[in-house]
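Heads up: the structure comes next, in structure tokens.
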Amino acid sequence: MEKTLENLKEAFAGESQANRRYLAFAQKAEKEQLPQVAKLFKAAAEAETIHALNHLRIIGEIKSTSENLHTAISGETFEYKKMYPEFLKTAVAEGNQKARWSFDVANKVEEIHAGLYSKALDTLNKGAQLAKVDYYVCSVCGNTVEEIAPEKCPICGAPKVKFFKIT
């Protein structure tokens, strides 16, 4: 059973990566004005999501919302306190400016995510519901904000038009 659990975790990671990769491929196909190829990549990406969620459910990692928030806070905190700072050091040492930028903006946004999750958990722990707010995400760096998109992204400097509303 231990090997099966290991296999489920590996399959979850692979399916999750395939989903993101296929969505990136779909965006590229759209830019190349190949809408049917883009549609195919999107369909496969959805299927990969179904596979990943099935694996995650069988692993038993989808728990109560409170437990899921704890898990999310832990993951985001690890990323911004340990993982990305280490990745940044290596990118700087190797002179890879594109990777440095990518790691830097991700690091800043992961800290924001940890804060948003912590705020949500605190609210739930008080027995209250989260206030209804809109969330906006910067399509350049992933910055996630509540209420209204800023005129200029404070993380990457992208203009307001680069933010999209989460529905």
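Tell me the residue from Glu79, Glu48, Glu32, Glu15 that is among the acidic types (Asp, Glu), modelled with pLDDT of 95 or more and exposed (fewer than 14 other Cβ atoms within 10 Å of the Cβ), please.
Glu32
Check Gly157, Gly115 and return the single one that is within 25 Å of Thr65 (Cα to Cα) and either part of a helix (DSSP H, G or I) or modelled with pLDDT of 95 or more (or both).
Gly115
Somewhere in the stretch 103-114, is a residue assigned by TED's automatic domain parsing to the domain that holds Ser74 and among the aromatic types (Phe, Trp, Tyr)?
Yes - at least one qualifying residue is present in the stretch 103-114.
Scanning the stretch 47-88 for residues that are in a helix (DSSP H, G or I) and basic (Lys, Arg), which turns out farthest from the chain's Cα centre (by Cα)?
Only one residue tops the list, namely Arg57.
Restricting to the stretch 118-141, what's the tally of residues that are assigned to a loop (DSSP other than H, G, I, E, B) and crowded, with 18+ Cβ neighbours inside 10 Å?
Selection size over the stretch 118-141: 1.
Across the stretch 1-12, what is the total count of residues that are of a type outside the set (A, V, I, L, M, F, W, C) and either touching an Asp or Glu at 6+ places or on another chain (Cβ under 6 Å) or surrounded by 14 or more Cβ atoms within 10 Å (Cβ to Cβ) (or both)?
1
The values are calculated or read from the model by the stated rules, or taken from the named source; none is laboratory data. Predicted model only: the values in this text are computed from it and were never measured. Quick reminder, even Gly has a Cβ in these numbers, built from the backbone with ideal geometry, and neighbours come from all protein chains shown.
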